[in-house]
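To start, the structure under review is shown below, and the notes come after it.
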Amino acid sequence: MNNKVVLVLGGLVLGAACALATGRVRAQGIAPPAPSAPAPRWEQDCEQTHGIEEARAVAKARGEGGWELVALDAGVMCFKRLAPAPPKPAEPWPGY
């Protein structure tokens, strides 16, 4: 037989032997998100700017307010930030 054929067949046999020796390997799946954790809510706002200086001032003011720039197109700057959590309902009156 040709040396190349023997080498390929030997590699296949060696690979099959290693696979049988190690057993089955499974990838770890991603755990689904906890059902009790609600998805975050976001506030969005866009503002038209005219010129670099105005855009810089708007970005600075919004950044100090917790806003994050997410889009900029033709002078329109769009921002987002986490919405404040809704107030928790008051404890019910026990009724006595």
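The values are calculated or read from the model by the stated rules, or taken from the named source; none is laboratory data. Computed from a predicted model, the values in this text were never measured in an experiment. Methodologically, a virtual Cβ is constructed for each residue, glycine included, from the backbone with ideal geometry; neighbour enumeration extends over all protein chains shown. We work out accessible area using only protein heavy atoms, side chains counted, and drop any ligands, DNA or RNA first. Shrake-Rupley method; radii C 1.70, N 1.55, O 1.52, S 1.80 Å.
Quick notes on this structure:
- Close pairs (6 angstrom Cβ cut-off, 6 or more residues apart or separate chains): among the β-branched types (Val, Ile, Thr) and at pLDDT below 95 in region 46-66, part of a loop (DSSP other than H, G, I, E, B) and surrounded by 11 or more Cβ atoms within 10 Å (Cβ to Cβ) anywhere: Thr49/Gly75; Val58/Thr49
- Qualifying residue in region 69-78 (condition: touching a residue at least 24 places away in the same chain (Cβ under 8 Å), in a loop (DSSP other than H, G, I, E, B) and β-branched (Val, Ile, Thr)): no
- When residues of region 29-74 are limited to those that are of a type outside the set (A, V, I, L, M) and touching a helix residue (DSSP H, G or I) at 6+ places or on another chain (Cβ under 7 Å), the one farthest from Pro87 (Cα to Cα): Thr49
- The number of residues in region 44-96 that are at positive phi and either open to solvent by 70 Å² or more (accessible area, probe 1.4 Å) or β-branched (Val, Ile, Thr) (or both) comes to 1.
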